[in-house]
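A short write-up of the structure that comes next.
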Amino acid sequence: MQLRTGSGADAAGVAALHTHSWQTAYAGIMPGSFLTGPQSDGRVLVDNLHAHPDRRRSGIGRQLVGQVFAWTAANHPDKPVYLQVLDDNAPAVAFYERCGGEVTDRLVEQFSAGFELPALEYTWRPAAVRAAASPVSPTAR
């Protein structure tokens, strides 16, 4: 067996493994309809975009968002991109607004530790995604 760091070329295989693992590990625990056919809402989710605190305001966030948009434009050109951010995270809210995100939902995020916080959903429509896409470098894939 060989262990290695994954690359963009591995994404489809990792996704298939993840799905199959859930379907087998949670059979009889979760509803079969959830495990065999959850429907996508037609959007691309950006989950947990982070930059090291020492690198904030250095342009790395813009580069990360540009790479996400480039990947989406290349692989899912007609899908919007969205993410959620806590309402009180003022620096992140300002960043996503500078990046052209539109507030498309206001929600309450529930945490397993037993508390709730207000959150915002930001969305970039496909045309905005294509316009803001950065060229994907071979090392970023």
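Numbers below:
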{"item": "Filter pass, V81 being touching a helix residue (DSSP H, G or I) at 6+ places or on another chain (Cβ under 6 Å), within 26 Å of A9 (Cα to Cα) and either at pLDDT 90 or above or open to solvent by 70 Å² or more (accessible area, probe 1.4 Å) (or both)", "result": "yes"}
{"item": "Failed item in (1) surrounded by 17 or more Cβ atoms within 10 Å (Cβ to Cβ); (2) out of contact with any Leu (no Cβ under 8 Å at 6 or more places or on another chain), with V65 passing the rest", "result": "(2)"}
{"item": "Cross-chain or 6+ apart pairs with Cβ under 9 Å, region 9-26 first and under 14 Å from N75 (Cβ atoms), then in a helix (DSSP H, G or I) and of a type outside the set (A, V, I, L, M, F, W, C)", "result": "A11/N75"}
{"item": "Subset tally (residues that are within 26 Å of E121 (Cα to Cα), outside any loop (DSSP other than H, G, I, E, B) and either among the β-branched types (V, I, T) or at pLDDT below 85 (or both)) for region 35-58", "result": "2"}
{"item": "Subset of region 84-110 (residues that are surrounded by 17 or more Cβ atoms within 10 Å (Cβ to Cβ) and aliphatic (A, V, I, L, M))", "result": "V85, A92, V93"}
{"item": "Check on A74, aliphatic (A, V, I, L, M), surrounded by 10 or more Cβ atoms within 10 Å (Cβ to Cβ), outside any loop (DSSP other than H, G, I, E, B) and within 15 Å of the chain's Cα centre (by Cα)", "result": "no"}
{"item": "One residue from A132, A113 being farther than 15 Å from L45 by Cβ and either of a type in the set (K, R) or open to solvent by 60 Å² or more (accessible area, probe 1.4 Å) (or both)", "result": "A113"}
{"item": "Of residues in region 9-34 being part of a helix (DSSP H, G or I) and among the β-branched types (V, I, T), the one least open to solvent (accessible area, probe 1.4 Å)", "result": "T19"}
{"item": "Evaluation of H52 against (1) under 19 Å from G66 (Cα atoms); (2) surrounded by 10 or more Cβ atoms within 10 Å (Cβ to Cβ) (one fails), failing number", "result": "(2)"}
{"item": "Residue within region 59-67 that is closer than 29 Å to G6 by Cβ, touching a Phe, Trp or Tyr at 6+ places or on another chain (Cβ under 8 Å), assigned to a helix (DSSP H, G or I) and modelled with pLDDT under 95 present", "result": "yes"}
{"item": "Hits in region 92-114 - residues which are under 20 Å from G66 (Cα atoms) and out of contact with any helix residue (DSSP H, G or I) (no Cβ under 7 Å at 6 or more places or on another chain)", "result": "A92, V93, A94, Y96, E97, R98, G101, E102, V103"}
{"item": "Any pair with Cβ under 9 angstrom, 6 or more apart, that starts in region 44-61 at a residue that is without any contact (Cβ under 8 Å) to a residue 60 or more places away in the chain and among the polar types (S, T, N, Q) and ends at one that is surrounded by 11 or more Cβ atoms within 10 Å (Cβ to Cβ) and not in a loop (DSSP other than H, G, I, E, B)", "result": "N48/L83"}
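The values are calculated or read from the model by the stated rules, or taken from the named source; none is laboratory data. From a predicted model like this one, the values you see are computed outputs, not experimental measurements. A quick note on method: Cβ atoms are made from the backbone with ideal geometry, for glycine too, and the neighbour counts reach across all protein chains shown. Ligands, DNA and RNA are stripped out before the accessible areas are found, and what is left, the full protein with its side chains, is counted by its heavy atoms. Shrake-Rupley method; radii C 1.70, N 1.55, O 1.52, S 1.80 Å.
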